[in-house]
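Below: one structure, written as structure tokens.
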Amino acid sequence: MTPVLKAEKLSKWYGNILGISDINLEIRSGITGLLGPNGAGKSTFLKIAAGQLKPKLGALTVFGEPVYGNPRLFRRIGFCPEHDSAYVEMSGRGFILLLARLHGFAGAEAAAKAEKALATVGLLDSQDRLIKGYSFGMRQRLRLASSILHEPELLMLDEPLRGVDPLWRIRIMQLIVSSHILPEIEAMTNEIVLIHQGKIFAKGDIHRIRNLIDSHPHQVSIRTPHPRQLAARLIGNDFISGIEFASDHRGLTVRTNQRDQFFTHLMSLLAESGVETEEITSPDDNLQAVFDYLIGK
Amino acid sequence: MTMKAKRPIRILFRSFFSSGLRAKRTRVFILLALVPVLLMLAARIMEGVGSASASDVAGFFGHFMLSLYFQLLIPVLALFFGTSIVNEELDNKTLVYLTTVPVPRRAVLLGKYLAALLLAALLIVAGFLLCFLAASFTRLGDAAAWEELGLFLGTSLLALFCYSALFTALGAFMKKSILLGLFFVFGWESVVQYFPGVTQKFTIIHWIKSLLPIPPGQNSFLSFQLQPSPPLQSVLTLLAAGLLFLYIAVFIFERKEYILSDNA
């Protein structure tokens, strides 16, 4: 079966700045999350996949065809760009209707497609207003409408999640969505591709990657007026590899290799002992920290 | 042009002409296009109160107003409208919407070019018409006056077509094209047109001036150092140059990779 998207030895750079380097990747049906910190190369990859940029080296095909300079393929592809851009002198409806017509729909059919797309993103009520009067979130949703109006087989969304209603209401066969926010991707799909410094860093099921993360110590910070009392009750457990006290004597940071087990134990301990706590945070529970662990920083 | 490209050209032309009419920039250009009309009315008022003679006013139109239109307003409007066709899409990062639809890039450029050309033409024709009426209202029954008007308007449209195509190509080629365009209008065109011999033929204004009637007077912008080319040759040259510039614009736009921002 032909993959939806296939990249072979794909590289792109801008002058001396590396975009992506030697990427080999096949994406098949379903929802795929493209994850990576800012500057990792996600947008470059998606822009090549959407025919906006030319690969410097290697090749990328969508549905078996090269994308750059192949406008016919855009009947099957929808692309939602990351930029907050729009034709501000047009109304929301005028903008979507223009794109519907450019997609080849005419008359009533174009109007129906535009209306359906605007309804999907909840902009029907404000469709006749000029875009310059739209809020950031509304413009974001309008961009989304522009990418789904022709009901593409493959939808590519570049950082689309800020200020937008949940996307999984949209019925799309294939979806590639990029983000640097792990929980947002996690809510949509288990299948992810991690990009870092222009290279594919990990690919596969999110739980497997999480397990990889669990093999590294997690940090859990607990703000409490009784840090020594709490530490005394925690120390000695196998899953705790270290405890560090805060310099203001009002908290401690615990390092654990088994976060789930630690949290279960902590919750029951707090309930039993009645040790007062003000805040529990995970300072390394973000994608950047995960990357830092994986790349050995 | 294939049927496949004609429909999107029509769609883009209508859409961008309609949004162009509402754009702030167009309002500014309307004011700019009214400046010569106000100047012409002022000249008429001066004639009315006896501060200027009828021949002074006719000379004012023949020398100053034609110079204002053909050496300033038309190239400047063409510069702003022409370069904005691609540059505006890059500045506003909206190009992505037009390059992710199943439409050839040449249709995008040509649709937008025609919309910009019509907007600029409306501004010039309306301003020129008002100006001409203010200058010639005493000879409106004279067929020669209307012939003259037809010649001015036809030449204006040819000039707009050619300049707009040139600046569309410039805008497609480079992002900060306004500065180079201004250098072309106020440097190259303003200076080289006065070079003797064949050199002046390397300007667009030479071919435009060759189409206009030369009024009496040694210092007219039309006659100074002008060695006019035959009218038919001038028309064909302007048309050919305009088409060539348009072809170059399409060629660049179809092949150039436009990077909309710092890519991550």
Picking from A:Arg101, A:Arg143, A:Arg129, A:Arg75, the residue that is within 10 Å of chain B (Cβ to nearest Cβ), modelled with pLDDT of 90 or more and surrounded by fewer than 24 Cβ atoms within 10 Å (Cβ to Cβ) would be A:Arg75
Among the residues of segment B:7-17, is there at least one that is modelled with pLDDT under 85 and either assigned to a helix (DSSP H, G or I) or more than 14 Å from the chain's Cα centre (by Cα) (or both)? no
With respect to the numbered conditions (1) closer than 19 Å to B:Lys112 by Cβ; (2) at pLDDT below 95; (3) outside any loop (DSSP other than H, G, I, E, B), which one is the sole condition not fulfilled by A:Ala108? (1)
Enumerate the pairs (first residue in segment A:12-40 and at negative phi; second residue anywhere and of a type in the set (Phe, Trp, Tyr) and crowded, with 23+ Cβ neighbours inside 10 Å) with beta-carbon separation below 6 Å, excluding pairs fewer than 6 apart on the same chain, so at least 6 apart or on different chains. A:Ile20/A:Phe45
Out of segment A:85-105, which residues are under 15 Å from A:His150 (Cβ atoms) and either assigned to a loop (DSSP other than H, G, I, E, B) or not assigned by TED's automatic domain parsing to the domain that holds A:Tyr134 (or both)? A:His103, A:Gly104, A:Phe105
When you look at B:Arg10, is it among the basic types (Lys, Arg) and either more than 14 Å from every other protein chain (Cβ to nearest Cβ) or buried (at least 21 other Cβ atoms within 10 Å of the Cβ) (or both), yes or no? no
Taking segment B:102-123 and keeping residues at the interface with chain A (Cβ under 10 Å from one of its Cβ atoms) and in contact (Cβ under 8 Å) with a residue 60 or more places away in the chain leaves B:Val103, B:Pro104, B:Arg105, B:Ala107, B:Val108, B:Gly111
Does A:Leu124 count as touching a helix residue (DSSP H, G or I) at 6+ places or on another chain (Cβ under 9 Å), more than 8 Å from chain B (Cβ to nearest Cβ), surrounded by fewer than 19 Cβ atoms within 10 Å (Cβ to Cβ) and over 20 Å from A:Lys42 (Cα atoms)? yes
Looking only at segment A:56-72, count every residue that is in a loop (DSSP other than H, G, I, E, B), at negative phi and surrounded by fewer than 22 Cβ atoms within 10 Å (Cβ to Cβ) and tell me the total. 3
Taking the conditions exactly as written (crowded, with 23+ Cβ neighbours inside 10 Å and outside any strand (DSSP E or B)), does A:Thr2 satisfy them or not? no
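The values are calculated or read from the model by the stated rules, or taken from the named source; none is laboratory data. In this text the structure is predicted, and so the values were computed from the model without any measurement. Every residue, glycine among them, receives a Cβ derived from its backbone with ideal geometry; neighbour counts consider all protein chains shown.
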